[in-house]
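Q: For reference, the structure I am asking about is given below.
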Amino acid sequence: MAPASSANVYCTNATDKEISYANNSSLQKKVQLKTRPFLEDTIKDMLSKMVHVPCIKVADLGCASGPNTFFPTCEVMDIIASVCRQAHWESPELQVFLNDLPQNDFNTVFKSIPAFNGKPCFIAGVAGSFYQRLFPSKSIHFVHSSYSLHWLSKIHKSHSKGKQLIELVSLAGFFFQSDLIDFNIRKSTRLNSIEKVDHTKPTLICLFRAIRNDFSRFLHFRSEEMITEGRMLLTFIGRSSTDPTSKDCCAIWDLFTKSLLDLVAKGLVRESDIDSFNVPYYYPCEEEVREIIEKERSFALDKLEIFEMNWDFEDDVFNENFEKSRSGRNVANCIRAITESMIASHFGEAIIDDLFSRFAQHVGVHLSCEKTKYYVTIVVSMTMK
């Protein structure tokens with residue numbers, strides 16, 4: 001069976017959903033604020049080296065919908081205006097292309113276009129996967145993407161004729177079912193034991209090939225669309241260790257697994273449905289990202305940095321004012337807002353509330369015991385050769 005496109009099942013929750021992405025994307029906003037200095041440095045460097053043009057064209061890939069959608073656009077406008085004011089240049093117009101999958105809530109996006117303080121900014125929506133061509137050749141000056149590139153292009157289906165078993169892929173941080181390795185849920189210890197059995201290395205190689213192929217295609221298509229010396233700033237979830245079984249990229253999904261298995265024990269979910277659950281997710285490490293960029297050869301890597309974010313956007317490193325139930329609910333709602341469509345398409349709508357209620361409880365208990373940093377974030381700044 002051919003791989004299914006992630007576009008067929010993946011989209012963040014629209015504003016009409018009980019747990020919408022617009023109302024549960026505060027963590028993503030904190031990430032955007034934290035990467036603002038990278039954005040400023042990238043735009044300033046681009047302007048210092050480019051010939052003055054009447055219009056700068058910007059692409060924001062994976063824009064989603066909600067209060068964060070126009071944050072990069074507004075920041076880019078402010079940075080350009082500041083640079084031009086200091087240099088006594090005339091500010092160029094800005095053409096911004098907001099891209100996401102066709103299922104994205106573009107109606108909400110266009111209804112919420114800000115006034116930009118009267119500055120000349122023209123917004124257009126571009127629906128489609130960023131793993132394909134989106135724009136005319138040599139037309140884009142700056143490409144931005146935040147918290148999108150850890151999604152792979154395809155949901156890979158099993159070719160196995162035997163019983164399908166869960167593979168909890170640590171380097172992806174989510175369920176990703178494959179023929180090459182089995183993670184067997186043993187019925188006797190179903191709620192707290194997932195046993196890794198043999199052939200780990202072939203599967204890790206297989207999954208690295210998946211991200212290598214996708215990210216290489218992403219870079220290749222952008223290289224065709226961007227001008228020479230154009231800039232690109234990418235932010236995505238990764239892992240801090242070269243070890244794909246490291247805790248920073250799989251701990252939260254262990255808790256999600258536990259929540260699903262709670263429902264199996266209650267007879268609300270079939271084990272066979274969990275066995276066949278596939279999600280196109282991958283968390284690369286710094287070394288993998290560098291290798292892909294260098295081998296693809298279209299871009300010069302200017303900067304690559306890593307930082308960490310707490311699971312709960314309201315929680316701080318000192319664990320002050322911690323409330324177990326609220327913290328668990330914050331994390332669960334954030335995950336639900338970006339995964340509900342995939343989970344509902346596979347398991348059905350009926351389990352969603354119960355599943356995420358249990359997940360919130362498990363996360364709250366976990367965070368009350370230890371401060372695991374799940375959101376390892378990689379920031380990459382590049383120049384088109």
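Q: Could you please give the count of residues in region 269-328 that are at pLDDT below 90 and among the small types (G, A, S)?
A: So the answer is 2.
Q: Is it the case that region 111-123 has a residue that's open to solvent by 20 Å² or more (accessible area, probe 1.4 Å) and in contact with a Pro (Cβ under 7 Å, 6 or more places away or on another chain)?
A: no
Q: Within region 321-349, restricting attention to residues that are assigned to a helix (DSSP H, G or I) and without any contact (Cβ under 8 Å) to a residue 12 or more places away in the chain, which residue is nearest to W151 (Cα to Cα)? Walk me through how you get there before you give the answer.
A: Step one: of region 321-349, the residues assigned to a helix (DSSP H, G or I) are 324-347, 349.
Then drop every residue that is not without any contact (Cβ under 8 Å) to a residue 12 or more places away in the chain, which leaves 344, 349.
Details: A344: 18, E349: 23 Å.
The selected residue is A344.
Q: When you go through (1) surrounded by fewer than 21 Cβ atoms within 10 Å (Cβ to Cβ); (2) touching a Gly at 6+ places or on another chain (Cβ under 9 Å); (3) farther than 23 Å from F313 by Cα one by one for S345, which number turns out not to apply?
A: So the condition that S345 fails would be (2).
Q: A further question follows. Pick from K44, K17, K57: which is at pLDDT below 95 and more than 17 Å from the chain's Cα centre (by Cα)? Let's see the steps before the verdict.
A: Details: K44 fails: at pLDDT below 95; K57 fails: at pLDDT below 95.
That would be K17, the only listed residue that is at pLDDT below 95 and more than 17 Å from the chain's Cα centre (by Cα).
Q: Spot the failing condition for C84; the list is (1) in a loop (DSSP other than H, G, I, E, B); (2) out of contact with any strand residue (DSSP E or B) (no Cβ under 7 Å at 6 or more places or on another chain); (3) open to solvent by less than 70 Å² (accessible area, probe 1.4 Å), and only one is missed.
A: (1)
Q: Select from region 106-134 the residues that are closer than 23 Å to V379 by Cβ and among the hydrophobic types (A, V, I, L, M, F, W, C) and write down the one among them that is nearest to the chain's Cα centre (by Cα). Before the answer, list the steps.
A: Within region 106-134, the subset closer than 23 Å to V379 by Cβ is 129-131, 134.
Now restrict to residues that are among the hydrophobic types (A, V, I, L, M, F, W, C): 130, 134.
Working: F130: 13, L134: 19 Å.
Among those residues, the one meeting the criterion is F130.
Q: Same structure again: Would you point out which residue out of I252, I237, I274 is outside any helix (DSSP H, G or I) and surrounded by 21 or more Cβ atoms within 10 Å (Cβ to Cβ)?
A: Working: I252 fails: outside any helix (DSSP H, G or I); I274 fails: outside any helix (DSSP H, G or I).
Answer to the check: I237.
Q: Do we have K30 as on the phi < 0 side of the Ramachandran plot, open to solvent by 40 Å² or more (accessible area, probe 1.4 Å), part of a helix (DSSP H, G or I) and modelled with pLDDT of 90 or more here? Can you show your working first?
A: Working: on the phi < 0 side of the Ramachandran plot: yes; open to solvent by 40 Å² or more (accessible area, probe 1.4 Å): yes; part of a helix (DSSP H, G or I): yes; modelled with pLDDT of 90 or more: yes.
So K30 fits the description; yes.
Q: Another question, if that's okay. Of the residues that make up region 127-139, is at least one open to solvent by 40 Å² or more (accessible area, probe 1.4 Å), at pLDDT below 95 and hydroxyl-bearing (S, T, Y)? Steps first, please.
A: Of all residues in region 127-139, those open to solvent by 40 Å² or more (accessible area, probe 1.4 Å) come to 127, 132-133, 136-138.
Then keep just the ones that are at pLDDT below 95; that gives none.
Within region 127-139 (the criterion being open to solvent by 40 Å² or more (accessible area, probe 1.4 Å), at pLDDT below 95 and hydroxyl-bearing (S, T, Y)), the answer is no, since none of the residues qualifies.
Q: Condition test on S148, is it touching an Asp or Glu at 6+ places or on another chain (Cβ under 6 Å) and either modelled with pLDDT under 95 or among the polar types (S, T, N, Q) (or both)? Can you show your working first?
A: Values: touching an Asp or Glu at 6+ places or on another chain (Cβ under 6 Å): no; either modelled with pLDDT under 95 or among the polar types (S, T, N, Q) (or both): yes.
No, not satisfied.
Q: From V365, V380, which residue is farther than 23 Å from A22 by Cα, β-branched (V, I, T) and open to solvent by less than 30 Å² (accessible area, probe 1.4 Å)?
A: On the way: V365 fails: open to solvent by less than 30 Å² (accessible area, probe 1.4 Å).
When all the criteria are applied, what remains is V380.
Q: Shifting gears a bit: For E90, all conditions in the list (1) modelled with pLDDT of 90 or more; (2) in contact with a His (Cβ under 9 Å, 6 or more places away or on another chain); (3) buried (at least 18 other Cβ atoms within 10 Å of the Cβ) hold save one; what is the number of the exception?
A: Failed condition: (3).
Q: Can you pull out the residues in region 216-234 that are open to solvent by 10 Å² or more (accessible area, probe 1.4 Å) and either among the hydrophobic types (A, V, I, L, M, F, W, C) or assigned to a strand (DSSP E or B) (or both)?
A: Selection gives F221, I227, T228, E229.
The values are calculated or read from the model by the stated rules, or taken from the named source; none is laboratory data. Bear in mind that the values here come from a model prediction, so they are computed numbers and not experimental data. Counting neighbours? That spans all protein chains shown, and the Cβs are built from the backbone with ideal geometry, glycine included. Ligands, DNA and RNA are excluded from the accessible area calculation, which covers all protein heavy atoms including side chains. Shrake-Rupley method; radii C 1.70, N 1.55, O 1.52, S 1.80 Å.
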